[in-house]
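Input: a single structure, listed below in structure tokens.
Read-outs: derived from the displayed coordinates by stated rules, not from any lab. Quick caveat: nothing in here was measured; it's all calculated off a predicted structure. We place every Cβ from the backbone using ideal geometry, glycine too, and count neighbours over all the protein chains shown.
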Amino acid sequence: MKNIVILISGRGSNMEAIVNACAAEHWPARVAAVISNRPEAGGLAFAAARGIATAVVDHKQYDSREAFDAELARVVDGFSPDVVVLAGFMRILTPEFVRRFEGRMLNVHPSLLPAFPGLHTHARAIEAGCKLAGATVHFVTAELDHGPIVAQAAVPVLPDDTPDLLSARVLKQEHQIYPQAVRWMVEGSLKLADGRVTHTEGESQLRFGS
């Protein structure tokens with residue numbers, strides 16, 4: 001039984017999707033803890049109601065990113081994580097933290113990486129005239145939004161799309177591909193070589209939505 005630790009900063013809708021999929025699909029794993037950098041994060045109540053351990057490491061209580069990340073790493077390690085999942089965790093992690101969990105930490109980003117790393121991805125995709133947008137699950141590396149790609153989901157950019165409308169459609173796809181990617185991690189069915197990730201049984205790592 002492998003341990004999944006999920007980091008959130010807010011409601012944690014992707015965290016909810018992972019928790020629900022883990023239970024419904026009987027993964028060989030459990031969500032051991034949900035940890036937030038914000039005491040008021042709504043996702044903490046969701047996790048606690050399901051008997052999942054929760055913890056808060058409030059970034060406002062630390063004078064530096066390095067001090068915060070050191071304490072966060074200590075708390076994460078306390079749950080013996082096999083997989084660390086960033087689910088709307090709104091902090092840029094230090095290289096030291098990333099190295100500590102390298103190869104077992106995932107993130108989801110709301111664009112088809114390597115396009116549009118960073119913020120305001122949906123507005124940027126619309127402004128650029130993209131015909132497709134989407135989401136990417138990737139391994140976390142020290143370079144923001146640039147880790148090896150595990151899975152992607154694509155949706156069309158519609159003529160009347162606004163950033164909010166596009167965001168809502170992309171988020172639905174995140175709720176599909178992120179639990180799937182975490183399941184692949186706990187099942188040990190991902191292979192990372194030369195910066196590329198493949199599924200050992202040939203499952204599709206690409207999803208198309210509407």
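So here's what we get for this one:
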{"read-out": "Estimated FRET transfer efficiency when R0 is 25 angstrom, pair Ser64-Arg99 (beta carbons, to 0.05)", "value": "0.90"}
{"read-out": "Cα-based reach from Lys191 at 19 Å (exclusive), listing aspartates and glutamates while leaving out same-chain residues under 8 positions away", "value": "Asp82, Glu102, Glu201, Glu203"}
{"read-out": "Charge dipole magnitude, Cβ of K and R +1, D and E -1 - the stretch 107-210, Cα centre, debye nearest 20", "value": "140"}
{"read-out": "Charge-dipole axis of the stretch 1-101 as Lys and Arg at +1 and Asp and Glu at -1 on Cβ define it, positive-most pick from Gly78, Gly10, Ala55", "value": "Gly10"}
{"read-out": "Whole-number percent relative contact order across the stretch 42-188, with pairs defined as alpha carbons under 8 Å at least 6 apart", "value": "19"}
{"read-out": "Using a Förster distance of 30 Å, the FRET efficiency for Thr162-Ala45 (Cβ separation, nearest 0.05)", "value": "0.50"}
{"read-out": "In range of the label at His120: residues from the stretch 152-169 whose backbone nitrogen is under 15 Å from the point 7 Å along Cα→Cβ", "value": "163-164"}
{"read-out": "Three-way shape label, the stretch 97-210, alpha-carbon gyration tensor, a/c 1.5", "value": "prolate"}
{"read-out": "Efficiency of FRET from Cβ geometry, Leu192 and Glu25, R₀ 22 Å, rounded to 0.05", "value": "0.45"}
{"read-out": "Residues of type lysines that Lys131 reaches as a straight line, Cα spacing below 26 Å, ignoring anything fewer than 8 places off in the same chain", "value": "Lys172"}
